[in-house]
Amino acid sequence: MTKDLGRVPWPWIGVLVLAAALAHELVLRVTAGQNDLLLAGWRILMMTIGVASLGLLIMPDWRKSYLLGALVCAGLMGYALYVQYVIGLEPCPMCVMQRIAVIACGVVFLVGAIHNPGRVGAIVYSLIIILFAGTGAAVAARHVWLQTLPPDQVPACGPGLSYMLDTLPFQDVLATVFKGSGECAKIDWRFLGLAMPGWTFVFFVSIVVAAIALTRRS
């Protein structure tokens, strides 16, 4: 496996780091650790290293990798819909933008699986995926920052995304969504200490890493 990764065994190190991060989370749960931007950033960094490394270790050839990417995106969207319609957690505007980025990545992965491109085509697909995933990561990072603000610094709640799309120019909608509002700062869901925007950031950065690695696969 490491031969395909340029003889560099760092993905195994990343998996070990992820195991250490999980142990760290257990300690935090026992000691009821604090929740601030620095701690959230540390958690996201550790999880990103681990998840990206694990993805590189299991990454197959081009076509199977594209199919795997499409399935992961579909699974994420399926869980997002489950959280919304079964658990009852409505997505804020920033959540909706991240969903759009996940869907866009999934569509590109699916087209790539059907097309089964050569090296030049793989580079083109990777650039498109990096564009969508990078945009999603930027929104997710902003979302994480909003969720770590002190209560007195949280922005006021704004209008819904549907209302903004009906009444504002599209560029103003994007600017307003990226700025965030009060409902985006609310945390209703956590897993291993990370709220949903933290996990979507991990996903998007891991997708960027995978897209870069795909350009080197045969």
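Read-outs: derived from the displayed coordinates by stated rules, not from any lab. Only a predicted model underlies this, so the values are computations on that prediction, with no experimental measurement involved. Cβ atoms come from the backbone with ideal geometry, glycine included; neighbour counts cover every protein chain shown.
If you stretched the chain out fully between residue 85 and residue 127, how much longer would it get, using 0.36 nm times the residue separation minus the C-alpha to C-alpha distance? Could the numbers behind the result be given before it?
Details: separation 42, 0.36 × 42 = 15.12 nm, distance 3.35 nm.
Answer, rounded to one decimal: 11.8 nm.
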Provide the per-residue ³J(HN,Hα) series for the stretch 122-128, in order, calculated from phi with Karplus coefficients 6.51, -1.76, 1.60 and θ = phi - 60°, each as a whole number of Hz, with x at glycine and proline positions. 5, 5, 4, 4, 4, 4, 5
Please give the FRET efficiency for residue 212 paired with residue 186, using the beta carbon to beta carbon distance and R0 = 30 Å, rounded to the nearest 0.05. 0.30
Given R₀ = 45 Å, FRET efficiency for residue 119-residue 77 by Cβ-Cβ distance, to 0.05? 0.95
What are the ³J(HN,Hα) values, in whole Hz, obtained from phi via the Karplus relation 6.51 cos²θ - 1.76 cosθ + 1.60 with θ = phi - 60°, for each residue of the stretch 195-205 in sequence order, with x given for Gly and Pro? 6, 4, x, x, 5, 5, 5, 4, 4, 5, 5
